[in-house]
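The values are calculated or read from the model by the stated rules, or taken from the named source; none is laboratory data. Since this is a predicted model, take the numbers as computed values, not measurements. When we count neighbours, we look across all protein chains shown, and the Cβ atoms used for this are built from the backbone with ideal geometry, even at glycine. Heads up: the accessible areas ignore ligands, DNA and RNA and are worked out on the full protein's heavy atoms, side chains in. Shrake-Rupley method; radii C 1.70, N 1.55, O 1.52, S 1.80 Å.
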Amino acid sequence: MPTADATLQILSRLPLFQALSSEQLQTIRGHVLEKRLAKGEFLFQKGDPVTGFYIVVHGQVKLAIPSPQGLEKVVEIIGPRQSLGEAVMFLGRPYPVAAQALADTLLLRIGHSAVDRLLENDVSFARRMLAGLSMRLHALIQDVESYSLRSSTQRVIGYLLQYCLEDSGDVEQAVALPTAKHVIASLLNLTPETLSRIFQDLARAGLIEVQGRTIVIPSVRRLREFEP
């Protein structure tokens, strides 16, 4: 478990808690529990009851919707300093997704009662909570728009470009994929075979070089301007 001071630092750096007083942070700290997951271990399954929300300290957690056939649709990948579960916490419903660690992961769990107390006593906290949930909803709408209006190749290019600097120009950049390619494929609503084919097509066009889980982009400008 991180020390009390380390936990307070983690909480204070989250956008949701940045404006809280030290006294309020201490109150939250008293409701924090540690949760460690080994790679591949589930934090919760679809249908499990919700008792709070989680913050990733280090590692990665995959949120996915499982199917009866044993397949899954990856909805989101949560990394360090990101949170999960806060939206469902207010609905009083079970988790609509499953959460599984993609690497050895340390999380902090914040109980529902602590959040309720802050919402009742701090209007600014309630506004930040709403803003955070709204941003997540906006991101999900953008994902749906991407799946509906953009081609498979455009989705892959857009995914790679989000890891590049806006003003990269013709400077070479290397993108380390944050997780396995089959997980990224599901996130982009593609099959692993389609993702591999697109990588091969982009490589043949001289737009990328695939080196395992590292994608080298010789010219970000050319990749951005590419019309598939």
C-alpha long axis of helix 123-149 to longest principal axis of the chain, angle in °: 20 degrees
Candidate aspartates and glutamates for bridging to LYS62, where Cα separation is under 17 Å - those fewer than 8 sequence places away on the same chain excluded: GLU41, ASP48, GLU72, GLU76, GLU86, ASP104, ASP143
Distance from the stretch 151-228 to the stretch 116-130 (C-alpha centre basis), Å: 40 Å
Principal-axis tilt of helix 152-161 within the chain, Cα atoms, nearest 10 degrees: 60 degrees
Paramagnetic reach from ILE141 in the stretch 60-87 [backbone N under 18 Å; point 7 Å along Cα→Cβ]: 87
Nearest-ten-degree value, helix 4-13 long axis tilted from longest Cα axis of the chain: 60 degrees
Most to least packed among 34-40, 64-70, 75-81 [average Cβ atoms within 10 Å]: 75-81, 34-40, 64-70
Cut-off 12 Å between beta-carbons: net charge of the residues surrounding LEU130, Lys and Arg +1, Asp and Glu -1: +2
Partner aspartates and glutamates for LYS181 [C-alpha distance under 12 Å; skip if fewer than 8 residues away on the same chain]: GLU193
Accessible area per residue, Å², the stretch 11-170 with all protein chains present, probe 1.4 Å: 54 Å²
Peptides ranked, highest mean first, by Cβ atoms within 10 Å: ranges 106-117, 131-142: 106-117, 131-142
Neighbourhood charge, 10 Å Cβ-Cβ cut-off, centred on LEU107 and excluding it, Lys, Arg +1 and Asp, Glu -1: +2
The chain - percent of accessible surface contributed by carbon and sulfur, probe 1.4 Å: 54 percent
